[in-house]
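Participant: I am attaching a structure below and will ask some questions about it afterwards.
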Amino acid sequence: MGTSDPRIRSVRLAQLATRYPRTVGRNARLGSHGAGPGSHVAVLVTDDGRTGWGLVEGPPGDVGRVEGRPLSELIDPAVGVLDEADRWLDIALHDLLGVVLDAPVHALLGGHGSTDVQLYDGAIYFDDLDPEEAPRGIDVLLDECRADAALGYRDFKLKIGRGNLWLPRDRGDARDIEVTRAVREAFPDARILVDANDGYDLDGFLTYLEAVADVGLYWVEEPFLDDADDLKALRSWLDTHSPETRIAEGETSPDVAALLPVAAAGAIDVLLMDVMSYGLTAWRGLMPELAAAGVHGSPHAWGRPLKTRYAAHLAAGLGNVEVVEGVPGEVAGVDPRLLRPVDGVLRLDDAPGFGIPLPDETHLRPVAAAERA
């Protein structure tokens, strides 16, 4: 790692508040997503006083494995975090490595993509159904798209699948169609993506597609539970009726080994494993295999705006990513300009690591032992 290989002096866990611009409602599988989650972060400090930090998802690992060790024993610039047991610090270690090497993460990953990263708005949920005593209807979704466009977004992913849990099947499917067509009419130049969160079956989804065939969907995400034959049938239908529409899969409990041959055979165009739970190091190993098979990646980033910036560095570094999920919102103590697109593009610079200064102490709330489990 060159002349500088500092040791990790301390690992600290803290929580940052996240706030969405509005309460985000239901999707095909889950209830309200609320106004913004708390975000656990890890802060690494070296023996010479340098700092790297980043989100942590799931229970933290063994801090004692990390403290006192040289950085080179934990992360290799060529491959990422070396031991599976330390991957809970995947983001923080990449950030610290960038600080130590005075390089942005996208450069550490190879600089194979553009640093002007296309984002879509991932925050258009079933708010038309709320509140239950007086549903607001489709106009609220158009208002939300306009509000997010004012924040810099130009493309929109629409949640569909209302007939899975929340409405009778026929009414829910009809509302999905109505929403899709209304957003297209209001935003004729936008890329429109739809995400069913496995809320359809094949026949029902093909009926939906027939009704929106002229919309020109950019992609369809998780239309139904993973099934190789159904995905092949969907790809065949799209090849005939909307050949430019991509099929995106792999967010929900992905069996990556099972999905890869389906993707390589042409029935999945984009794989979506989460930038946190799947991990940056895992993506570093996988992306060359996807590129060789003609399959794109686009790491799932929903839930926390910081994840959008991590996914953007992955896109700019590894390449083979056409668009990244944007999460409108603010994180306490973080400059919102680092998280928000301009004309649909998040422009990365050459600041070391992920380029996000550590928030000051007024924003970092200590994590109690009970919260770490």
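The values are calculated or read from the model by the stated rules, or taken from the named source; none is laboratory data. Just so it is clear, the model here is predicted, and its values are computed rather than measured. Positions of Cβ are backbone-derived with ideal geometry, glycine not excepted, and every protein chain shown enters the neighbour counts.
Participant: Do we find that Ser72 is touching a residue at least 12 places away in the same chain (Cβ under 8 Å), farther than 30 Å from Lys159 by Cβ and either among the polar types (S, T, N, Q) or part of a loop (DSSP other than H, G, I, E, B) (or both) in this structure?
Facilitator: Numbers: touching a residue at least 12 places away in the same chain (Cβ under 8 Å): yes; farther than 30 Å from Lys159 by Cβ: yes; either among the polar types (S, T, N, Q) or part of a loop (DSSP other than H, G, I, E, B) (or both): yes.
Criteria met by Ser72.
Participant: Let me ask you something else. Sort out which residues of region 209-226 are of a type outside the set (Asp, Glu) and more than 25 Å from the chain's Cα centre (by Cα), and write them in order of number.
Facilitator: Step one: of region 209-226, the residues of a type outside the set (Asp, Glu) are 209, 211-213, 215-220, 223-225.
Within region 209-226, Ala211, Val212, Ala213 meet the criteria.
Participant: If you check Glu322 against the conditions, is it of a type in the set (D, E, K, R), in a loop (DSSP other than H, G, I, E, B) and either outside the structural domain of Ile91 (by TED's automatic domain parsing) or within 21 Å of Cys145 (Cα to Cα) (or both)?
Facilitator: Details: of a type in the set (D, E, K, R): yes; in a loop (DSSP other than H, G, I, E, B): yes; either outside the structural domain of Ile91 (by TED's automatic domain parsing) or within 21 Å of Cys145 (Cα to Cα) (or both): yes.
Criteria met by Glu322.
Participant: Here's a check for you: in region 298-323, which residue that is surrounded by fewer than 24 Cβ atoms within 10 Å (Cβ to Cβ) and more than 11 Å from the chain's Cα centre (by Cα) is nearest to Ala42 (Cα to Cα)?
Facilitator: Checked region 298-323; the qualifying residue nearest to Ala42 (Cα to Cα) is Gly319.
Participant: One residue is enough: does region 25-40 have a residue meeting the conditions farther than 30 Å from Glu132 by Cα and not assigned by TED's automatic domain parsing to the domain that holds Ile124?
Facilitator: Residues of region 25-40 that are farther than 30 Å from Glu132 by Cα, as a first pass: 40.
Then drop every residue that is not not assigned by TED's automatic domain parsing to the domain that holds Ile124, which leaves 40.
There is at least one residue in region 25-40 that is farther than 30 Å from Glu132 by Cα and not assigned by TED's automatic domain parsing to the domain that holds Ile124.
Participant: Now for a separate question. Which is modelled with pLDDT under 95 and of a type in the set (Gly, Ala, Ser), of Ser242, Ser236, Ser253? Step through it out loud before you land on a result.
Facilitator: Numbers: Ser242 fails: modelled with pLDDT under 95; Ser236 fails: modelled with pLDDT under 95.
The unique qualifying residue is Ser253.
Participant: Out of region 138-151, which residues are surrounded by 19 or more Cβ atoms within 10 Å (Cβ to Cβ) and either within 18 Å of the chain's Cα centre (by Cα) or closer than 14 Å to Val342 by Cα (or both)?
Facilitator: Asp148
Participant: Another question about this same structure. So Asp343 fits all but one of (1) over 18 Å from the mean Cα position of the chain (by Cα); (2) surrounded by fewer than 20 Cβ atoms within 10 Å (Cβ to Cβ); (3) under 28 Å from Ala85 (Cβ atoms); what number is the exception?
Facilitator: Asp343 satisfies every listed condition except (3).
Participant: Got a number for residues in region 51-105 being of a type in the set (Lys, Arg) and either touching a Lys or Arg at 6+ places or on another chain (Cβ under 8 Å) or surrounded by fewer than 17 Cβ atoms within 10 Å (Cβ to Cβ) (or both)? Break it down into steps so the answer makes sense when it comes.
Facilitator: Quick first cut of region 51-105, residues of a type in the set (Lys, Arg) only: 65, 69, 87.
Now drop any that are not either touching a Lys or Arg at 6+ places or on another chain (Cβ under 8 Å) or surrounded by fewer than 17 Cβ atoms within 10 Å (Cβ to Cβ) (or both), which leaves 65, 69.
Counting residues in region 51-105 that are of a type in the set (Lys, Arg) and either touching a Lys or Arg at 6+ places or on another chain (Cβ under 8 Å) or surrounded by fewer than 17 Cβ atoms within 10 Å (Cβ to Cβ) (or both) gives 2.
Okay, residues lined up against (1) farther than 14 Å from Val183 by Cα; (2) out of contact with any helix residue (DSSP H, G or I) (no Cβ under 7 Å at 6 or more places or on another chain); (3) surrounded by fewer than 24 Cβ atoms within 10 Å (Cβ to Cβ):
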{"site": "Asp121", "(1), (2), (3)": "no, no, no"}
{"site": "Ile124", "(1), (2), (3)": "no, no, no"}
{"site": "Arg136", "(1), (2), (3)": "yes, no, yes"}
{"site": "Lys159", "(1), (2), (3)": "no, yes, no"}
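Participant: While we're on this one: Confirm whether Val79 is among the aliphatic types (A, V, I, L, M) and more than 25 Å from Gly58 (Cα to Cα).
Facilitator: no
Participant: Within region 166-198, track down each residue that is in a loop (DSSP other than H, G, I, E, B) and touching a Phe, Trp or Tyr at 6+ places or on another chain (Cβ under 8 Å).
Facilitator: Residues of region 166-198 that are in a loop (DSSP other than H, G, I, E, B), as a first pass: 166-168, 187-191, 196-198.
Scanning region 166-198 gives Trp166, Phe187, Ala190, Arg191, Ala196, Asp198.
Participant: Continuing with the same structure: Name every residue in region 78-101 that is under 21 Å from Leu346 (Cα atoms) and among the charged types (D, E, K, R), in order of residue number.
Facilitator: Asp95, the sole residue that qualifies.
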